[in-house]
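A short write-up of the structure that comes next.
The values are calculated or read from the model by the stated rules, or taken from the named source; none is laboratory data. Note that the structure is a prediction, hence the values are computed from the model and not measured. Backbone-built Cβ (ideal geometry, glycine too); neighbour counts: all protein chains shown.
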Amino acid sequence: MRYRRLINGEPQFGQGRQDFLQGIYAVGQAIETRLKLYTGEWWEDLNDGLPLWTQIMGKTGSNTERFNAIITNRILGTKLNNTKLISSMISVTSVWDSSLRKYTYNGKAKSIYGFITITNGG
């Protein structure tokens, strides 16, 4: 599997093979780009994307289970050329800090190349 390398969100060109990621690194970038695409942003499929603005942001109370399910399903749907890249999620943990209005997601997934850790930071 090859996936064009992104640096600061920009696709890389002009360096031959160095412009592409392979294996687990490609899977990681595929997941990252899926999580950064919000519903309605991609002109070719306005229904594709993470429903950040419609189902996550601005919701009252602690909805971490619902947020976890939305993000986990987005990760599990990661494909390249109709090949499913993630077979299962091994673990998912999250923290909602209401005083800081901060949500942290951590997960471990089993990909076709091995295990990968997904986090939005701390």
Condition broken by residue 7, with the remaining ones in (1) more than 22 Å from residue 107 (Cα to Cα); (2) β-branched (Val, Ile, Thr); (3) touching a residue at least 12 places away in the same chain (Cβ under 8 Å) satisfied: (3)
Of these, 100, 46, 76, which one is of a type in the set (A, V, I, L, M), surrounded by 13 or more Cβ atoms within 10 Å (Cβ to Cβ) and out of contact with any His (no Cβ under 7 Å at 6 or more places or on another chain)? 76
Which count do you get for residues in the range 79-117 that are part of a loop (DSSP other than H, G, I, E, B), touching a helix residue (DSSP H, G or I) at 6+ places or on another chain (Cβ under 8 Å) and hydroxyl-bearing (Ser, Thr, Tyr)? 1
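Condition check ((1) more than 20 Å from residue 5 (Cα to Cα); (2) modelled with pLDDT of 95 or more; (3) among the aliphatic types (A, V, I, L, M)) across all residues:
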site: 39; (1), (2), (3): yes, no, no
site: 51; (1), (2), (3): yes, no, no
site: 83; (1), (2), (3): no, no, no
site: 99; (1), (2), (3): yes, no, no
site: 108; (1), (2), (3): yes, yes, no
